[in-house]
Amino acid sequence: MENKIKHVWFDVGGTLTIDTPEFIEAHDKIKYQAYADVVGKPVSQELKDELEALYRKHGSNSATFSSLGLPSNFWMQQYDKMDHEKYYQPNPSVYKTLESLKSICAISLFTNIPLDGIEKSLKLS
């Protein structure tokens, strides 16, 4: 049988690395504080709901903050403040799967994480 899949793309965050509950908590804390700083309001449930509504509308944190007139890399600058080494957990099965998959088709990364962040994340995982 001919292999119809020629190439598979993977996202890094949440796919090749595991988002632990601690990671999600730290991520959300940074996200809500960044939004609070931008709009000049304190972090509250109302502010969190407002940001989540914007996220649903725009589909990503980067697009959400860009919609507020901020530079396209604003969110990644905020995200990079997080101590990734503290929150990422290795998942050996991911690497076994990738090793098997690469013998069948090309594999690539698709992410908005800068290259140095990718290298750091993948070394941890």
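The values are calculated or read from the model by the stated rules, or taken from the named source; none is laboratory data. Remember, predicted model here, so these are calculated numbers, not experimental data. All Cβ positions, glycine included, derive from the backbone under ideal geometry; neighbour counts span all protein chains shown. These area figures cover heavy atoms from the full protein model, side chains too; ligands, DNA and RNA do not enter into them. Shrake-Rupley method; radii C 1.70, N 1.55, O 1.52, S 1.80 Å.
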#### Entry: For Gln78: the one exception among (1) touching a residue at least 24 places away in the same chain (Cβ under 8 Å); (2) over 18 Å from Lys29 (Cα atoms)
(2)
### Message
Can you tell me which residue is most open to solvent (accessible area, probe 1.4 Å) among those in the stretch 4-48 that are assigned to a helix (DSSP H, G or I) and among the hydroxyl-bearing types (Ser, Thr, Tyr)?
### Response
Thr15
### Query
Name the residues in the stretch 68-82 that are polar (S, T, N, Q) and open to solvent by 40 Å² or more (accessible area, probe 1.4 Å), would you?
Ser72, Asn73, Gln77
### Query
Taking the stretch 78-119 only, how many residues are under 23 Å from Thr64 (Cβ atoms), at pLDDT 80 or above and part of a helix (DSSP H, G or I)?
2
### Message
Checking Phe65 against (1) open to solvent by less than 40 Å² (accessible area, probe 1.4 Å); (2) modelled with pLDDT under 90: exactly one of these is not met. Which one?
### Response
(2)
